[in-house]
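Novice: Got a structure for you, written out below as C-alpha cells; questions coming shortly.
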Amino acid sequence: MDNKLRKTTKIPLPNKGEPYLLTPGPLSTSFETKEKMLVDLGSWDQDFKKITSKILDKLIGILLQTSNDNSYFQSDPYLAVPMQGSGTFSVEAMLGSFVPKNGKALVLSNGSYGLRCYEILKYFGRAVDIIDMGDYLPPDPFLLDKKLKQDKSITHVVVIHCETSSGILNPLEAIANVVEKNQRSLLIDSVSSFGAIPIDAGKIKFDALVSSANKCIEGVPGFGFVIAKQSVLESSKNQSHSLSLDLYSQWNYMNKTGQWRFTPPTHSISAFLSALMQHEKEGGVMGRLGRYEKNKDTLVSAMDFIGFETMLSKRWLSPIIVSFLYPDDDNFNFNEFYDFMKKDGFIIYPGKLTSTDTFRIGCIGQLDSYVMKKVVRSIESSLKIMRVKSASPKKEILEERKKLDELNY
Ligand SMILES: *Cc1c(COP(=O)(O)O)cnc(C)c1O
C-alpha cells in the first residue's frame, strides 16, 4: 500500500500486503476484530457463554436503535437466535422454521438472493410462489396487493431488503404495509443491510429478519442470526425440515444451557463481539450508514466522471454495493481488469446477473471515501493499460434501463 494513502485514510489500514476487499462479505475487517481470533475459547465455558449472550443483546439493541415506537412489540419482544454457517444457512433456518409445513410463501424476487429463497423453499417442499421482477426493478407493492387478494392460501411474504446481486435497495416499508394490511406474515432477508440501513420495527411489522456476521457489522464469516418475535419462535416447534437448522431447538437449547447446540465458530464469535462494540463506537446504525453513504457517493461520482454508468438508475442505488456496466470496448476484459486492480491492492467483485455484463464494487467494510477515491484511480489506470478508450456502456442497455424505469414508476 502506498504511503500517500497511509497518510490520508482515516480508518486504520489493513495489515501489510493485505488487499482491500471491495466485496460485500467477506469484507475488510479491522485489526481489532481480527486480533480477537488469536484466543482459543471453550464453547461450554462461562466466558464464552457471556460473549454469546452479550452479542444477542447487542443485536436486539441495534434493532431498537432505529425503532422509534416499540409499543406494538413490547408484549411480544424481538429475540435474536444465532446459527452456525454462512448467511444462507440462517436464511434457510428462518424459512424452514417459520413457514409452516401447511403454509405457503410468496417470494418477492429481483435478483439472485430472491431466487435463492424461492429455491430453498422449493427444496424442502413448502408451497411457494414468486413474483419475479428481473434484475433492474424493485418489487411492486401494487402487484403484491393484487396477488395477496387473489391467493388467500399465502401465509408468508419473503422480501430481500438490499438485493446484493445488483445492489438495489428495495422499498421495505411500502411492502410491509401491504403485507400488514392483508394480515400476512413478513420474513425479511436483511443479510446485507442489517446494521447499516435502519429498519424501524415500530413501522415495519415483521415476523423475523435474518443477517450474518460478515456484512454490515463487519465481523468475519462463520455464523448468521435471526431476529424473530418471541411468539413466532414459540410456535415454531417441530416445524423445521432440518435437524441442525432448527431455530426453535437452537433457541430452546441456548435458553436452557447458554450454549450453542452444536460446535460454534468460537473465534468468529468473539471477533463479532468486538465488531459490535466498534459499530457502537462509530455511532451505531446511523454512524455506519453515514460512512457507507459517503463511500457510495464518492465512488459513484468519481466513476461517473470517468464515463462509467451504474446498472441501476440512481434512485435505486444502495450504500451497500454498486453494479457498473461493462465499457462497450473490445479491449475490456474483466479477468485482466481484476488482476490489475488486485496488483493495486483491491479485490473487486464480478457481476452476478444473467442478463447484463456488470462488475460490482462494495461500499461496506473497513473502507472510507479516501479508499474509494483510490479505487477509482486504480480503475482508471487499469483501463488505460488495457487500452480501453471509453468507459461508456452499450447505448442499448442504457435505453432499455430507461424504458423499464419509466414503465414502472
Ligand atoms: C450475503 C447475502 C446472503 C448470504 O450469503 P452467504 O454467501 O451464504 O453468506 C443472503 N442474502 C443476501 C441479500 C446477501 O447479501
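The values are calculated or read from the model by the stated rules, or taken from the named source; none is laboratory data. Owing to the predicted nature of the structure, the values given are computational and were not obtained by experimental measurement. Please note: Cβ atoms are built from the backbone with ideal geometry, for glycine as well, and neighbour counts cover all protein chains shown. The area values use the complete protein model at the heavy-atom level, side chains included, leaving out ligands, DNA and RNA. Shrake-Rupley method; radii C 1.70, N 1.55, O 1.52, S 1.80 Å.
Novice: Less than 16 Å apart at the alpha-carbon level, and either on another chain or at least 8 residues along: which aspartates and glutamates does that give for Lys50?
Specialist: By straight Cα distance, Lys50 reaches Asp40.
Novice: Now a separate question. With a Cα-only, solvent-free Debye model of the stretch 341-383, what are the log10 I(q)/I(0) values at q = 0.17, 0.24, 0.30 Å⁻¹?
Specialist: Evaluating at q = 0.17, 0.24, 0.30 Å⁻¹ gives log10 I(q)/I(0) of -0.52, -0.91, -1.16.
Novice: What length, rounded to one decimal in nm, is gained on full extension from Asp129 through to Arg315, with 0.36 nm per residue of separation minus their alpha-carbon distance?
Specialist: Details: separation 186, 0.36 × 186 = 66.96 nm, distance 2.81 nm.
So the chain would gain 64.2 nm between Asp129 and Arg315.
Novice: Now a separate question. On a full-extension model of 0.36 nm per residue, what is the gain between Glu280 and Ser231, subtracting their alpha-carbon distance, rounded to one decimal in nm?
Specialist: Details: separation 49, 0.36 × 49 = 17.64 nm, distance 2.85 nm.
Residue separation times 0.36 nm, minus the Cα-Cα distance, leaves 14.8 nm.
Novice: If we restrict to alpha carbons, what Rg and Dmax does the stretch 112-185 come to, in Å?
Specialist: Every Cα atom of the stretch 112-185 included, Rg and Dmax give 12.1, 32 Å.
Novice: Could you tell me what fraction of 2.2 N^0.38 Å the Cα radius of gyration of the stretch 321-360 comes to, as a two-decimal ratio? Numbers along the way, then the final one.
Specialist: Values: Rg = 10.3 Å, N = 40, 2.2 N^0.38 = 8.9 Å.
Dividing the Cα Rg of the stretch 321-360 by 2.2 N^0.38 Å gives 1.16.
Novice: For the chain, what is the Kirkwood estimate of the hydrodynamic radius, computed as the reciprocal of the mean inverse distance between distinct Cα atoms, to one decimal in Å? Provide the component values of the computation, followed by the final result.
Specialist: Values: mean 1/r = 0.0454 Å⁻¹.
After inverting the pairwise mean of 1/r, the radius is 22.0 Å.
Novice: Which distance in Å, rounded to a whole number, links the C-alpha centroids of the stretch 148-165 and the stretch 191-215?
Specialist: 16
Novice: What is the log10 of I(q)/I(0) for the stretch 136-255, computed with the Debye formula using one identical point scatterer on each Cα and no solvent, at q = 0.14, 0.19 Å⁻¹?
Specialist: For the requested q values the scattering log ratios are -0.67, -1.16.
Novice: Taking the radius of gyration and the Kirkwood hydrodynamic radius from Cα positions alone, what is the Rg/Rh ratio for the stretch 72-134, to two decimal places?
Specialist: Values: Rg = 13.3 Å, Rh = 12.9 Å.
Ratio of gyration radius to Kirkwood radius for the stretch 72-134: 1.03.
Novice: So what's the stretch 206-304 giving for Cα Rg divided by 2.2 N^0.38 Å, two decimals?
Specialist: On the way: Rg = 17.2 Å, N = 99, 2.2 N^0.38 = 12.6 Å.
Cα-based Rg divided by the globular estimate yields 1.37.
Novice: Can you give me the long-range amide H partners of Ser67? Hydrogens built in the peptide plane at 1.01 Å from N, cutoff under 5 Å, separation of 5 or more residues or another chain.
Specialist: For Ser67, whose amide H was placed from the backbone, the distant partners under 5 Å are Ala201.
Novice: Between Leu79 and residues 5 or more places away or on another chain, which pairs have amide H atoms under 5 Å apart, with H built 1.01 Å from N, and which residues are they?
Specialist: Ala228, Lys229, Gln230
Novice: Would you list which lysines come within 20 Å of Lys394, measuring only between C-alpha atoms, while excluding same-chain residues fewer than 8 positions from it?
Specialist: Lys394 reaches Lys314, Lys352, Lys384, Lys402, Lys403.
Novice: Which value in Å is the Kirkwood Rh of the stretch 268-409 over different Cα pairs?
Specialist: Numbers: mean 1/r = 0.0611 Å⁻¹.
16.4 Å is the Kirkwood radius here.
Novice: Follow-up. Going down the table (Lys147/Lys205; Lys16/Lys343; Lys16/Lys342; Lys215/Lys343; Lys54/Lys215), which pairs top 22 Å between alpha carbons? List each step's numbers first, then the result.
Specialist: Numbers: Lys147/Lys205 19 Å; Lys16/Lys343 14 Å; Lys16/Lys342 14 Å; Lys215/Lys343 25 Å; Lys54/Lys215 19 Å.
In this structure, Lys215/Lys343 lie more than 22 Å apart at Cα.
Novice: Taking the Cα-to-Cβ direction at Asp304 and at Asp405 and moving 7 Å from each Cα, how far apart do the two end points lie in nm?
Specialist: Calculated label separation equals 1.1 nm.
Novice: Using alpha carbon coordinates only, what is the Rg to Rh ratio of the stretch 40-180, with Rh defined as the Kirkwood radius? Kindly include the intermediate steps, with their values, before the conclusion.
Specialist: Details: Rg = 17.4 Å, Rh = 17.1 Å.
We get a ratio of 1.01 for the stretch 40-180.
Novice: Is the C-alpha gyration tensor of the stretch 43-93 telling us rounded, prolate or oblate? Criteria: a/c under 1.5 is rounded; beyond that, a/b larger than b/c is prolate, otherwise oblate. Could you put the intermediate results ahead of the total?
Specialist: Values: a/c = 2.52, a/b = 1.46, b/c = 1.73.
Oblate shape, in that a/c is at least 1.5 and b/c is the bigger or equal ratio.
Novice: Leaving ligands and nucleic acids out of the surface, order Leu233, Leu245 by accessible area at 1.4 Å, largest first. Please list the in-between numbers first.
Specialist: Numbers: Leu233 0, Leu245 20 Å².
My answer, sorted largest first, is Leu245, Leu233.
Novice: Identify the trypsin sites (Lys or Arg not before Pro) of the stretch 315-409 meeting these criteria: DSSP loop state and at most 13 other C-beta atoms within 10 Å of the C-beta. Please list the in-between numbers first.
Specialist: On the way: sites: Arg315, Lys342, Lys343, Lys352, Arg360, Lys373, Lys374, Arg377, Lys384, Arg387, Lys389, Lys394, Lys395, Arg401, Lys402, Lys403; in loops: Lys352, Arg387, Lys389, Lys394.
Filter output for the stretch 315-409: Arg387, Lys389.
Novice: Return the FRET efficiency for the residue pair Lys181, Lys101: r is the Cβ-Cβ distance, R0 is 30 Å, and the value is rounded to the nearest 0.05.
Specialist: Working: r = 26 Å, r/R0 = 0.87.
About 0.70, to the nearest 0.05.
Novice: Convex hull over the alpha-carbon atoms of the stretch 187-263: what's its volume per residue in Å³? Please report the intermediate quantities before stating the final value.
Specialist: Working: hull volume 8.5 nm³, N = 77.
Measuring per residue, one finds 110 Å³ for the Cα hull of the stretch 187-263.
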